[in-house]
1. Given the conditions (1) touching a residue at least 12 places away in the same chain (Cβ under 8 Å); (2) surrounded by fewer than 18 Cβ atoms within 10 Å (Cβ to Cβ); (3) closer than 16 Å to residue 337 by Cα, which single one is not true for residue 268?
2. Can we say residue 28 is open to solvent by 20 Å² or more (accessible area, probe 1.4 Å) and within 28 Å of residue 315 (Cα to Cα)?
3. Would you say residue 149 is surrounded by fewer than 20 Cβ atoms within 10 Å (Cβ to Cβ), out of contact with any Pro (no Cβ under 6 Å at 6 or more places or on another chain) and over 21 Å from residue 212 (Cβ atoms)?
4. As an exercise: evaluate residue 380 against (1) assigned to a strand (DSSP E or B); (2) open to solvent by 10 Å² or more (accessible area, probe 1.4 Å); (3) among the polar types (S, T, N, Q) and give the number of the one condition it does not meet.
5. Might you let me know whether the range 43-50 holds any residue that is open to solvent by 10 Å² or more (accessible area, probe 1.4 Å), under 26 Å from the mean Cα position of the chain (by Cα) and more than 15 Å from residue 468 (Cβ to Cβ)?
6. Of the conditions (1) polar (S, T, N, Q); (2) at pLDDT below 95; (3) under 20 Å from residue 466 (Cβ atoms), residue 115 clears all except one; give me its number.
7. Mind checking which residues of the range 318-334 are among the small types (Gly, Ala, Ser), in contact with a Leu (Cβ under 7 Å, 6 or more places away or on another chain) and buried (at least 19 other Cβ atoms within 10 Å of the Cβ)?
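The values are calculated or read from the model by the stated rules, or taken from the named source; none is laboratory data. Fair warning: this is a prediction, and the values are worked out from it, not measured in the lab. Virtual Cβ from ideal backbone geometry, glycine too; neighbours counted across all protein chains shown. SASA here: full protein model, heavy atoms, side chains in, ligands and nucleic acids out. Shrake-Rupley method; radii C 1.70, N 1.55, O 1.52, S 1.80 Å.
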Amino acid sequence: MTTTLRPVQTPAWAPAVLQPAQEFAPTFLTVLSGSIPAGLRGSLYRNGPATLKRGSQRVGHWFDGDGGILGVHFTEAGATGVYRYVQTAGYQLEEKAGRLILAGYGMVPAGPLWQRFNKDVKNVANTSVLALPDKLLALWEGGEPHALTLDTLETIGLDDLDGLEQHPYSAHPKRDPKTGAIFNFGISTGAKSLLHVYCSDSSGKIQRQNAIPLTGLPMIHDFAIAGKYLIFCIPPVRLDVLPLLARIKSYSDALLWQPDKGTEILVVDQETLEVVSRTTTEPWYQWHFGNGWELPDGSIEIEICRYPNFQTNQRLKEISTGAAQTAAVATLWHLRLDPISGKVLENQQVLDRSCEFPVSQPQEVGQPSRYTYLSVHRQTTDLQSEVYDAIACFDHQTGSLTETTLGDQHYPMEPIYAPDAQNADRGWILTVVYDGSINASEVWIFDAARLDDEPVCRLALPAIVPLGFHGTWNPAS
């Protein structure tokens, strides 16, 4: 009996990952349909891996790509776009050499084993952005942020925020809308691993910090604000440090899924940055949290895009090759607990659709909120081979989901909520869409209250913006 092998079909999203990004100087963006809302004034910034290759070499994981930043500035005159690589030391070194040299999340350093110990891990500055009054920070959780100019995105250099002391600063800062304080964290490893928790003022300057001992070498990517607390969920992923130190395995390959350890929950007081409670519960993995809030009875509730295991890491590795074979589905969960005792009071799935990148309205961070905006797979999508191909709004009050209709071969990035400058009760959802049918990138703007309508505006970008991770909205001052 003969077996007929089906040809492997390149997915329509692949060029938006495999093609190295082309920088473009500030360019006036053409309106393809609709019009820019009069109340949309400010800047959209996005970050992500901009190139995954050097010469004939490809990186080992999607997280290893050099960071590229998109800025879209909205004024009365229209919209202007600019795209720049972050000029990190590692980018400049490898760009000049024309080859991959340094260690990364999914890569050991180049060269024979005895030459690997002198080579640093590259700060790729490729995960997220934080807009401050006088600069934009390009964030990567394994090191210090890089500062860029807000308008033209020129790289200024590493920034220690007057207090990092060479400790990492994660890619998921949270801004308390009531106080303007910015909270973030980083993990350092040595004789023992420490969770460094930071509180900065609105300029980004660190005002206070604390170092919390951790068990083993865990993986922590994000956290949530819930009322007066910061919530960290530490999944049962641990680093097998010896093969990493020996430069035999990459960081990614040295991460072990150990579900018997369960997920540890840390509740930290916003004011003192001290641990209020820590407890261990059932195992799961999460990259991202949505919002969190304090309930009238004193309990706190947080939103989590929850995976049953760590297969998501393998899937993200495969995406960097332009073809995914491993399905890894996250669904939206609510976790409610007593912050003082740490006791889990409720842990339930509230949305059974494949989803990620949950965001809420920035003025509601840490407070009760009705809506969560997400990247989702359409119901007819192949969850194994396709990346997220729609965005949606989940209504916690009604339990309903409203989603966009983008059309086939359209791939949106994480939704970003932009409050209307003229009407506090109105907002806009901005996303960058890759159209695989014509190999082009566009900025799409939706009315946040009507995601199932046509976009109110579509803007053409002058070059492909590769699929990326996170962004932010910076209102005009």
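1. (2)
2. Values: open to solvent by 20 Å² or more (accessible area, probe 1.4 Å): yes; within 28 Å of residue 315 (Cα to Cα): no.
The answer is no for residue 28.
3. On the way: surrounded by fewer than 20 Cβ atoms within 10 Å (Cβ to Cβ): yes; out of contact with any Pro (no Cβ under 6 Å at 6 or more places or on another chain): yes; over 21 Å from residue 212 (Cβ atoms): yes.
Here the answer is yes, as residue 149 does meet what is asked.
4. Tallying (1) assigned to a strand (DSSP E or B); (2) open to solvent by 10 Å² or more (accessible area, probe 1.4 Å); (3) among the polar types (S, T, N, Q), residue 380 fails exactly one: (1).
5. yes
6. Just one mismatch for residue 115, condition (3).
7. Residues of the range 318-334 that are among the small types (Gly, Ala, Ser), as a first pass: 320, 322-324, 327-328, 330.
Retained after the next criterion (residues that are in contact with a Leu (Cβ under 7 Å, 6 or more places away or on another chain)): 320, 322, 327.
The one that is among the small types (Gly, Ala, Ser), in contact with a Leu (Cβ under 7 Å, 6 or more places away or on another chain) and buried (at least 19 other Cβ atoms within 10 Å of the Cβ): 320.
Each row is one residue, and each column tells you yes or no for (1) assigned to a loop (DSSP other than H, G, I, E, B); (2) among the aliphatic types (A, V, I, L, M).
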{"position": "328", "(1), (2)": "yes, yes"}
{"position": "333", "(1), (2)": "no, no"}
{"position": "340", "(1), (2)": "yes, yes"}
{"position": "346", "(1), (2)": "no, no"}
{"position": "353", "(1), (2)": "yes, no"}
{"position": "357", "(1), (2)": "no, no"}
{"position": "363", "(1), (2)": "no, no"}
{"position": "367", "(1), (2)": "yes, no"}
